[in-house]
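Here's the structure we're looking at; comments come further down.
Values quoted throughout were computed directly from the atomic coordinates according to the rules given, and no laboratory measurement underlies them. Every value quoted in this text rests on a predicted model; they were computed, and no experiment measured them. Please note: Cβ atoms are built from the backbone with ideal geometry, for glycine as well, and neighbour counts cover all protein chains shown.
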Amino acid sequence: MEKTILSGLQQKDFEDLTEKLNASKFRARQIHNWIYLKSVSSIDEMTDLSKDFREELKNIAEVSNTKIKTKQISSDGTIKYLLEFPDGECVETVLMRFDNRANLTACVSSQVGCAVNCAFCATGKRGFIRNLTPTEIIEQVLTIQRDTGLKVSNIVFMGQGEPLLNLENVLKAFDIFRDDFQISARRITISTSGIIPKIKELADKKLQSTLAISLHSAISDIRKKIMPIENKYSLSELKKALKYYIEQTGRRITIEFLLIKALTDTVEMAKQTALYLKDLKCNINLIPYNSTDENEFKKPSGTSIMKFKALLERSGKKVTIRLERGADIDAACGQLSGKIKK
Ligand code: SAH
Ligand code: SF4
């Protein structure tokens, strides 16, 4: 008989399990806390359960079946994991530490590969392989917690895959992050290339997470060149969906804007972008392009980044520049391929 995997279960599932073993709901709560709050790697570490009960539990269950295939640590403290699931598929997960150690952000993947195929993205180059299950999504965070002994405080769906094309599973994982990991919804960011019907669905759910939109160009022809999704869900339709989202949720959105030399970092682009965002309640996060050696794009210069930022700030919006994390281990945005490098 295949053993039950405890990671990914919720209170009700733990209760079903303890009932099978004729144990109380209190035992279920203890196991739950060992998994999510203390992130143990084995049932033997659940020391407030009797040895006999642990043996019974071990006969029918195990903590996890996700393996760390490789782990790389950057000089800035960023850690990149390549994780392997039982079917042999792998995804990358990145742990980033910002200024203080209390703030630990996990960048999680939602799919193996991605169908959206943006021209600048290493994940897109692989094409779509499969969706991750809710358990596989949360296992990424549990693995980090088990490995480092630290508690993750923020989650960004900015790893491999398009979360809104696997929305059902992403939302199930979201519920577990909020209810079982006890990470507040506002500390969870879902990033999307702009899947309009799904943005409307999130709006109707009035989800209190942060929505980040990969805009990358406010000029349709240029957006089409780098993001084929623009042919299906155009900038003008996207804007309507974003307005609706802001109305329904009352939340400010984040606009991600990729700066590629001589393509999206121009003065004309900054003007068009300011115009496009004028009546949207948003913050803007500029992402200097990270090289992935599989395409022709180039990084913007420092001066063009600062000029672009200044032009957007004139519109009164808050504009930040995303620091490159883990560059020495290819862990920065868009560099995750999930392939095992030879
Ligand atoms: N699929 C989602 C989330 C994953 S990508 C999305 O596209 O939004 C997270 C962010 O990294 C996106 O804004 C994406 O456009 C950006 N990105 C992809 N490739 C990049 C690269 N080579 N350099 C910098 N950012 C990149
Ligand atoms: Fe997919 Fe996002 Fe990469 Fe585009 S940038 S290919 S949507 S993962």
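Run the numbers on region 174-278 and let me know its relative contact order in percent, using alpha-carbon pairs under 8 Å that are six or more apart.
Values: 118 pairs, mean separation 32.6, N = 105.
The normalised contact order for region 174-278 reaches 31 percent.
Filter the cross-link list K200/K261; K125/K299; K80/K339 down to pairs whose alpha-carbon distance in this structure exceeds 21 Å. Working shown, then result.
On the way: K200/K261 33 Å; K125/K299 19 Å; K80/K339 13 Å.
Beyond 21 Å: K200/K261.
Here region 207-259 yields Rg over Rh of 0.99, to two decimals, using C-alpha coordinates and the Kirkwood radius. Loop exposure criterion: GluC sites (Glu not before Pro), DSSP state outside H, G, I, E and B, at most 11 other Cβ atoms within 10 Å. Applied to the chain, the longest stretch between such sites is 3-295. Take the Kirkwood radius over Cα pairs of region 148-231, plug it into Stokes-Einstein at 4 °C and 1.567 mPa s, and you get 92 µm²/s for translational diffusion.
Sorting T70, T105, T123 by the number of Cβ atoms found within 10 Å of their own Cβ, with the fewest placed first, yields T70, T105, T123. Over all other residues within a Cβ to Cβ distance under 10 Å of G124, the charged ones net out to 0, with Lys and Arg as +1 and Asp and Glu as -1. Between 0 and 90 degrees, rounded to the nearest ten: what's the tilt of helix 51-60 against the longest Cα principal axis of the chain? So the inclination is approximately 60 degrees.
Calculated mean residue ellipticity, 222 nm, the chain: -10500 deg cm²/dmol, from DSSP H runs (n ≥ 4) at -39500 (n - 2.57) each, averaged per residue and rounded to 500. For the set K71/K232; K206/K232; K12/K205, the pairs lying more than 30 angstrom apart at their alpha carbons are K71/K232. List the relative contact order of the chain as a percent without decimals, with contacts defined as Cα pairs under 8 Å and 6+ residues apart. Taking the mean separation of contacting Cα pairs over the length of the chain, I get 16 percent. Per residue, the convex hull spanned by the alpha carbons of the chain comes to 139 Å³. Scanning residues 5 or more positions from I321 or on other chains, those with amide H under 5 Å from its amide H are L286, with H placed 1.01 Å from N in the peptide plane. Under a model in which nothing but the beta-carbon of Lys, Arg (+1) and Asp, Glu (-1) is charged, region 1-113 shows a dipole of about 300 debye around its Cα centre.
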